[in-house]
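The values are calculated or read from the model by the stated rules, or taken from the named source; none is laboratory data. Since this is a predicted model, take the numbers as computed values, not measurements. Cβ placement follows ideal geometry from the backbone for every residue including glycine, while neighbour counts extend to all protein chains displayed. These accessible areas exclude ligands, DNA and RNA; they are computed on the full protein's heavy atoms, side chains included. Shrake-Rupley method; radii C 1.70, N 1.55, O 1.52, S 1.80 Å.
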Amino acid sequence: MNYEKIKSAVLALLVLISLAFTWGIWNYQPSYETIADGADDIVTEVEIGQQRKISELVKPSKIISHQGSSHYGTVSEQELDWIMDEMTKWTFFEPEDVSRSLLNKQEFSELLSNDSHVELFFSSSVPFNTIKTMFSFNDTAVPNAVFNRIIITEEENKAFVYFVSVQERLVFRSQIETRSLKEFKNRYVENSERLKPYISYQIPKGSLLYVQKEPPVLTMQSYLSEQIEEIEAETFKRALFNDPSYVRRGSRSDSDEYTDGSSFMRINSNTGTVRYVNSAETPQSMPLDQLIEKSINFVNDHNGWVDDYRLFKAEPGSSDISYRLFLGDFPVFDSQGMAELSQSWGQDRIYQYDRSSFIVQRDKPLPEETVELQSGQKALNQVINLESIDPLLLTDMRIGYEMTLEQESRKILTLKPFWYYQYNGEWQKLFTDEGRPADGLE
């Protein structure tokens with residue numbers, strides 16, 4: 001009898017202990033404040049520069065307003081931003097494919113350059129699925145197509161926007177409310193003080209090419225090593241490798257190399273560039289709107305945008321995409337890849353990533369030197385007369401800056417303006433005696 005009482009007492013005690021533990025678990029509150037205090041030691045966000053929105057990276061390259069037989073245009077970033085911001089206020093009705101209504105080359109050319117038509121040029125193909133994230137369409141469904149020019153005009157008291165792919169002669173027309181064009185027309189059609197005179201050149205079997213008429217006067221900028229900030233290799237390692245603790249380092253005379261067995265990164269101190277290759281992937285094409293979205297998100301994930309970059313080259317059916325550095329209104333070119341942020345994508349992840357490895361404090365340049373380039377007409381004539389040129393493969397001309405990085409006792413980064421022409425899809429510098437100091441200017 002006493003034995004049974006002991007068993008009952010022990011069992012009751014165990015039940016009470018169990019209830020006490022249960023109560024303690026339900027009411028326990030860990031010290032989250034203590035964990036938060038040490039959170040920075042556990043997870044650190046990689047910050048090279050900043051994040052960017054699609055609207056900051058996808059912009060026209062120039063505006064051309066056709067007024068009779070004259071042409072006026074600009075590459076001003078301020079004007080490009082104004083017109084894109086203005087178009088976000090418009091409502092675009094469902095785009096209609098009108099390509100078949102343009103029966104011949106003359107009708108197609110007239111659409112582009114008729115009187116009072118305003119053309120927006122894009123350096124890259126732009127998908128409708130990308131532009132609909134920036135503009136308002138009355139229907140969520142947009143064409144599964146791309147364009148590289150936008151034509152804005154009024155016809156029979158109706159306002160239209162044409163989305164044009166020049167090479168394919170593919171044209172989609174979208175109507176907008178006529179009252180939406182009031183400020184736009186006042187700025188680019190009825191007045192031209194914001195624009196500069198441009199000349200045109202008919203590319204054989206192609207469209208018209210436009211270049212600024214008057215000789216441009218720009219500045220050459222240089223920066224010493226004190227204004228060139230190297231981004232630490234550790235920052236790139238944490239940004240690009242899945243587990244930086246597995247990464248091994250090796251060195252060459254001109255570069256440092258890092259690998260985790262499946263991915264590889266090289267930081268070249270002579271060229272100021274970084275290359276990352278994920279050998280577990282292979283290049284594979286994807287829809288262009290997905291490629292643009294993935295490429296932007298990838299750089300945003302490590303806050304990797306430094307200075308002003310814009311989408312510059314991307315085509316349907318490719319795995320490659322590139323964004324180019326701009327200095328004010330003009331693109332920057334170089335032979336080492338310092339001025340370009342390029343990517344190649346596999347099916348699920350990035351395959352290759354190339355970019356610069358430094359940041360320039362552009363508010364502290366050396367004394368600027370003013371440079372006068374030759375007129376657009378002279379530059380165009382020189383390009384056309386080059387023995388190596390097939391006029392059929394000439395597609396564009398513009399002013400750009402050449403970036404050079406000299407490695408002597410101290411680094412000197414120089415940005416100098418030149419005329420550039422696009423030939424067979426690639427941009428090339430026009431070699432002349434241009435770039436001389438402007439007469440009477442210092």
Quiz item: Once segment 313-442 is represented by equal point scatterers at the alpha-carbon sites, with solvent omitted, what log10 I(q)/I(0) does the Debye formula produce at q = 0.10, 0.14, 0.18 Å⁻¹?
Solution: -0.42, -0.79, -1.15
Exercise. Note down the accessible area of Tyr276, probe 1.4 Å, to the nearest 10 Å².
Key: 10
Practice problem: Determine the relative contact order of the chain: mean sequence separation of Cα pairs under 8 Å and six or more apart, normalised by residue count, in whole percent. | Solution: 16
Self-check item: 3J(HN,Hα) from dihedral phi, segment 207-222, Karplus parametrisation 6.51/-1.76/1.60, rounded to Hz, x for glycine, proline
Solution: 9, 6, 10, 10, 9, 4, 6, 7, x, x, 10, 10, 10, 9, 10, 9
Quiz item: Relative contact order (percent) for segment 184-299, with alpha-carbon contacts under 8 angstrom and 6 or more residues of separation?
Solution: 10
Self-check item: Linear extension gain, Arg249 paired with Asp301, 0.36 nm per residue minus alpha-carbon span
Solution: 16.3 nm
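Compute the length gained on full extension between Val217 and Thr91: take 0.36 nm times their separation in residues and subtract their Cα-Cα distance, giving the result in nm to one decimal.
Separation in residues times 0.36 nm, less the Cα-Cα distance, equals 41.4 nm.
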Self-check item: the chain: DSSP helices with Cα axial extent of at least 30 Å and average Kyte-Doolittle hydropathy no lower than -0.5
Solution: 2-27
Practice problem: Can you bin segment 122-275 into rounded, prolate or oblate? Criterion: square roots of the alpha carbon gyration tensor eigenvalues sorted a ≥ b ≥ c, rounded for a/c under 1.5, prolate for a/b above b/c, oblate for the rest. | Solution: prolate
Quiz item: Which value does Rg/Rh take for segment 280-349 over its C-alpha atoms, Rh per Kirkwood?
Solution: 0.98
Quiz item: Once amide H atoms are built 1.01 Å from N in the peptide plane, which residues 5 or more positions from Thr219, or in another chain, come under 5 Å H to H?
Solution: Val371
Practice problem: Taking only the C-alpha atoms, wrap a convex hull around segment 58-98 and report its volume per residue in Å³ as a whole number. | Solution: 124
Practice problem: Over segment 208-361, average the accessible area per residue using a 1.4 Å probe and give it in Å², no decimals. | Solution: 42
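What is the diffusion coefficient of the chain in µm²/s, taking the Kirkwood radius over Cα pairs and the Stokes-Einstein relation at 37 °C with a viscosity of 0.692 mPa s? Mind showing how you got there, number by number?
Numbers: Rh = 25.4 Å.
For these conditions, the coefficient is 129 µm²/s.
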Quiz item: Over segment 360-427, what relative contact order in percent results from Cα pairs under 8 Å that are six or more residues apart?
Solution: 30
Quiz item: Which percent, nearest 5, of DSSP beta bridges in the chain are antiparallel?
Solution: 95
Practice problem: Please give the calculated 222 nm ellipticity per residue for the chain, where each DSSP H segment of at least 4 residues contributes -39500 (n - 2.57) and the sum is spread over every residue; nearest 500 deg cm²/dmol? | Solution: -6500 deg cm²/dmol
Quiz item: For segment 218-349, what class follows from the C-alpha gyration tensor (a ≥ b ≥ c being the square roots of its eigenvalues): rounded when a/c is under 1.5, otherwise prolate if a/b is larger than b/c, else oblate?
Solution: oblate
Practice problem: For a quick protection proxy, order the peptides 114-123, 360-369 by their average other-Cβ count within 10 Å, most packed first. | Solution: 114-123, 360-369
Quiz item: If you take the square roots of the eigenvalues of the alpha-carbon gyration tensor of segment 185-224 and sort them as a ≥ b ≥ c, do you get rounded (a/c under 1.5), prolate (a/b over b/c) or oblate?
Solution: oblate
